[in-house]
């Protein structure tokens with residue numbers, strides 16, 4: 001609900017998803033999530049159908065929250081973070097997942113080389129070979145872009161009610177060579193810091209007529 005370029009951030013994000021052809025959205029919410037739900041409603045004003053999954057009083061992490069939303073999820077889905085604005089094609093990882101049966105997920109990545117945040121992806125351009133938030137080797141020159149496609153079976157395999165970060169799922173898929181890579185061409189934006197929020201505000205104001 002933070003204001004960015006004169007609008008709540010969630011409006012910008014949902015508008016990007018709608019522009020990429022997404023029609024059904026499941027929002028995973030927790031603390032103060034009722035404020036987001038009240039603002040977005042059913043998503044119809046943006047051309048979307050939005051449903052809601054409440055995490056409850058126990059924080060479950062991104063993967064745990066996905067598992068809690070399992071009854072609402074499609075056979076193949078896009079997963080994106082609540083603080084990310086992605087200029088690249090949101091739906092590209094999903095199309096790649098639908099085209100290849102040799103993977104269970106497709107992670108959008110960006111050749112970051114430590115510029116915007118710490119790089120955490122080792123890739124050969126086709127596969128995510130390793131995903132690691134600790135290793136600082138120069139070989140890790142790409143970064144998780146903030147958008148990935150998953151098969152429902154991956155989410156179903158997450159222990160129900162167990163707090164778990166999405167990185168654990170991403171690492172497991174990469175280690176088993178079940179995670180393809182989609183290389184985004186334009187840098188990501190995030191509002192998780194004052195600097196990131198200010199950068200995105202400037203970016204959107206320059207692009208908005």
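The values are calculated or read from the model by the stated rules, or taken from the named source; none is laboratory data. Predicted, not measured: the structure shown is a model, and the values here were computed from it. Don't worry about glycine lacking a Cβ; one is built from the backbone with ideal geometry, like all the others, and counts go over all protein chains shown.
For the condition under 20 Å from residue 169 (Cα atoms), touching a strand residue (DSSP E or B) at 6+ places or on another chain (Cβ under 8 Å) and crowded, with 21+ Cβ neighbours inside 10 Å, what is the one hit in 122, 94?
Working: 122 fails: crowded, with 21+ Cβ neighbours inside 10 Å.
After ruling out the rest, the residue left standing is 94.
Residues to consider are 65, 99; find the one that is at pLDDT 95 or above and within 28 Å of residue 12 (Cα to Cα).
Details: 99 fails: within 28 Å of residue 12 (Cα to Cα).
After ruling out the rest, the residue left standing is 65.
Inspect all residues belonging to the stretch 54-63 and state whether any of them is touching a strand residue (DSSP E or B) at 6+ places or on another chain (Cβ under 7 Å) and over 16 Å from residue 189 (Cβ atoms).
Yes: the stretch 54-63 contains one or more residues that are touching a strand residue (DSSP E or B) at 6+ places or on another chain (Cβ under 7 Å) and over 16 Å from residue 189 (Cβ atoms).
Quick one: in the stretch 1-32, of everything that is touching a helix residue (DSSP H, G or I) at 6+ places or on another chain (Cβ under 7 Å) and part of a helix (DSSP H, G or I), which residue is surrounded by the fewest Cβ atoms within 10 Å (Cβ to Cβ)?
Result: 15.
Out of (1) closer than 20 Å to residue 83 by Cα; (2) in contact with a strand residue (DSSP E or B) (Cβ under 8 Å, 6 or more places away or on another chain), the odd one out for residue 173 is which?
(1)
Run residue 173 past the list (1) under 27 Å from residue 40 (Cβ atoms); (2) in contact with a helix residue (DSSP H, G or I) (Cβ under 9 Å, 6 or more places away or on another chain) and report the number of the one that doesn't hold.
For residue 173, the exception is condition (1).
Pairs needed: first member in the stretch 130-157, free of Cβ contacts under 8 Å to residues at least 24 places away in the same chain; second member anywhere, surrounded by fewer than 23 Cβ atoms within 10 Å (Cβ to Cβ) and in a strand (DSSP E or B); C-beta distance under 6 Å; at least 6 residues apart or different chains.
Between residues of the stretch 130-157 that are free of Cβ contacts under 8 Å to residues at least 24 places away in the same chain and residues that are surrounded by fewer than 23 Cβ atoms within 10 Å (Cβ to Cβ) and in a strand (DSSP E or B), the close pairs are 139/122; 140/122.
Quick check: anything in the stretch 97-118 closer than 26 Å to residue 162 by Cα, buried (at least 16 other Cβ atoms within 10 Å of the Cβ), free of Cβ contacts under 8 Å to residues at least 60 places away in the same chain and in contact with a strand residue (DSSP E or B) (Cβ under 9 Å, 6 or more places away or on another chain)? Lay out the reasoning, then the answer.
Residues of the stretch 97-118 closer than 26 Å to residue 162 by Cα: 103-108.
In the following step, the residues that additionally are buried (at least 16 other Cβ atoms within 10 Å of the Cβ) were identified as 103-108.
Subset that is free of Cβ contacts under 8 Å to residues at least 60 places away in the same chain: none.
No.
Quick one: would you say residue 89 is surrounded by fewer than 18 Cβ atoms within 10 Å (Cβ to Cβ) and either at pLDDT 95 or above or under 27 Å from residue 110 (Cβ atoms) (or both)? Break it down stepwise before answering.
Details: surrounded by fewer than 18 Cβ atoms within 10 Å (Cβ to Cβ): no; either at pLDDT 95 or above or under 27 Å from residue 110 (Cβ atoms) (or both): yes.
No.
Surrounded by fewer than 16 Cβ atoms within 10 Å (Cβ to Cβ) and touching a helix residue (DSSP H, G or I) at 6+ places or on another chain (Cβ under 9 Å): does that describe residue 75? Talk me through it step by step, then tell me what you get.
Numbers: surrounded by fewer than 16 Cβ atoms within 10 Å (Cβ to Cβ): yes; touching a helix residue (DSSP H, G or I) at 6+ places or on another chain (Cβ under 9 Å): yes.
Judged against the criteria, residue 75 is a match.
Filter the stretch 44-55 for residues that are part of a loop (DSSP other than H, G, I, E, B) and modelled with pLDDT of 95 or more and give the result.
Of the residues in the stretch 44-55, the ones part of a loop (DSSP other than H, G, I, E, B) are 47-48, 55.
Correct list: 48 only.
Tell me, which residue of the stretch 128-149 that is closer than 13 Å to residue 182 by Cα and touching a helix residue (DSSP H, G or I) at 6+ places or on another chain (Cβ under 8 Å) is surrounded by the fewest Cβ atoms within 10 Å (Cβ to Cβ)?
Taking the stretch 128-149 as the starting set, the residues that turn out to be closer than 13 Å to residue 182 by Cα are 128-129, 142-149.
Filter again for touching a helix residue (DSSP H, G or I) at 6+ places or on another chain (Cβ under 8 Å), leaving 128-129, 144, 147-149.
Working: 128: 28, 129: 16, 144: 24, 147: 27, 148: 28, 149: 24.
Among them, the one singled out is 129.
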